[in-house]
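The values are calculated or read from the model by the stated rules, or taken from the named source; none is laboratory data. The shown structure was predicted, so the numbers you read here are calculated from the model rather than taken from an experiment. Don't worry about glycine lacking a Cβ; one is built from the backbone with ideal geometry, like all the others, and counts go over all protein chains shown. Please note that ligands, DNA and RNA were not included when accessible areas were found on the heavy atoms of the full protein model with its side chains. Shrake-Rupley method; radii C 1.70, N 1.55, O 1.52, S 1.80 Å.
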Amino acid sequence: MSDGRYLFQPYALNKHITVKNRIFKSAMSEGLASRNHLPTEQIVELYKVWAEGGAGIVVTGNVMIDRKALGEPRNVVLENGDHLNLFEDWAKAGTKNGTQLWMQINHPGKQVFKGVVKEAVAPSAIPFEPALQRFFPTCRALTSEEIKKIIEKFARTAQLAKEAGFTGVQIHAAHGYLISQFLSPHHNQRKDEWGGSVQNRFRFLKEIYSTIRSKVGSDFPIGVKINSSDFMKAGFNEQESSYVIDQLDQLGVDLIEISGGTYENPEMTGKSIKPSTAKREAYFIEYAEKLKQQSNIPIVVTGGFRSLKGMEEALEDKATDFIGLARPLAVYPDYPNKLLHNHVPLLELAPIKTGIPFIDKRAMLELTWYSQQLERIANGKATNPTFPPLLSLFLTIVKNGKEVFQQRRA
Ligand SMILES: Cc1cc2nc3c(=O)[nH]c(=O)nc-3n(C[C@H](O)[C@H](O)[C@H](O)COP(=O)(O)O)c2cc1C
């Protein structure tokens, strides 16, 4: 089956919201905010192009809930109502063409490169593995008071996103950022009600969700991006992930996006997938399939989808309800329309490699290369799928200096 029969079926998310198709543009940090961390005309242009490109749901790159807790130097921050008109412009462009535009909201916790924030915070003061310690600052544990303030900040950002015209929000609980650190038994070794059992480690995400829900009402979609696993010994694993998803289902979360990995193990980019998984394209499809058997919560699987056939089979098998796409839409922003009209049945994305093992081993070059494609779209230019990775690396270093290249993150 590869005629787009499943991909272009609408999906009723709740009584009031029907998503026009099953294509879900996953978050990609734009790195295009102004120096003051506000949306720019470039961001508005980028989301206009994506909205016209045909995806049913478009999720923004991570927007930070606190300017003191940036993940990257050019992140957007939304923490108060100042300049909300700029967010309104963004929402207006991104909701064209009947597109659902959801703001991804995030706090990086300790997963932030040296020099970006004054102080890195985490559930517990656990350092990263030795190989990563030269990139990340030493962190300190949050107090209970600070934890409660962060929960309020998540809710405030969500409320402002709604006010500005975004049609939903997505809580970033994956990829090793603060919420994912709370979920992890390795990174969260607190002895109070926020640590210990999986029920306690889940409390932070639960409170964030419930506080947001109390502010935005029952009809406003709230999604959660979560790891199937952190792929780390004694870390957050599939069993705990499925417990958390089950709880989120009972609480009323509208859509769960499945991803996996952290900086320590960047599985979200498919660096080390098994051949059996590669056959089905999507890295986390087997886990999603198990989830679907035990729960009715709407699911999107992200990571690895490249062909119409792979997407159709995943939907037909009922392994997922939506198809998450990130990198393909950085290069082919109108890919959903092309799929609809059967113009690009198979998408070729060459691996981004320089031939220099030290660089190719990390996800950084890849993220930089794709960000440059986003910047081209934002500047009104065509993307360049064959742009040489070595040249991309050279340009990045010339433009931003070595440290900014190191500051790319997923
Ligand atoms: C340039 C770039 C930036 C990204 N930024 C984010 C982000 O802000 N939040 C997030 O949840 N994932 C982020 N990701 C990860 C993607 O959402 C996605 O999980 C990953 O790329 C795998 O999907 P794909 O194979 O379709 O690219 C980023 C990926 C790229 C390439």
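Points to keep in mind about this one:
- Inter-centroid distance (Cα atoms) of region 75-125 relative to region 1-52, Å: 16
- Highest-MSF residue in the chain out of ASP89, ASP360, ASP321 [GNM, Cα springs under 10 Å]: ASP360
- Per-residue ellipticity at 222 nm from helix content only, as computed over the chain with -39500 (n - 2.57) for each DSSP H run of at least four residues, stands at -11000 deg cm²/dmol.
- Pair LYS68, LYS290: separation of 7 Å Cα→Cβ label points (nm): 4.0
- When only the Cβ of Lys, Arg, Asp and Glu is charged (+1, +1, -1, -1), the dipole of region 195-310 relative to its Cα centre reaches about 220 debye.
- In this structure, the pairs whose alpha-carbon distance is over 26 Å, taken from LYS25/LYS290; LYS225/LYS381; LYS162/LYS290; LYS96/LYS381; LYS96/LYS149, are LYS225/LYS381; LYS162/LYS290; LYS96/LYS149.
- Taking amide H as placed 1.01 Å from N in the peptide plane, the amide H of HIS186 sits under 5 Å from that of PHE236, each at least 5 places away or on another chain.
- Percent of Cα pairs exceeding the 23 Å cut-off, where the set is region 207-299: 30
- Net charge dipole size for region 11-349 [Lys, Arg +1 and Asp, Glu -1 on Cβ; Debye, nearest 20]: 420
- Share of carbon and sulfur in the accessible heavy-atom surface of region 11-349 [1.4 Å probe, %]: 49
- In terms of packing, defined here as the mean over residues of other Cβ atoms within 10 angstrom, the peptides 375-381, 205-211 line up highest first as 205-211, 375-381.
- When the Cα positions of GLY380, PHE154, TRP102 are compared along the charge dipole of the chain, GLY380 comes out farthest toward the positive end, with charges on each C-beta of Lys, Arg, Asp and Glu.
- Sequence-distant aspartates and glutamates (8 or more away, or on other chains) whose Cα lies within less than 13 Å of LYS206: GLU152, GLU193, ASP246, ASP249
- Using the 1.4 Å probe convention, the accessible area of region 11-349 works out to 37 Å² per residue with neighbouring protein chains retained.
- The chain: C-alpha pair distances exceeding 40 Å, %: 8
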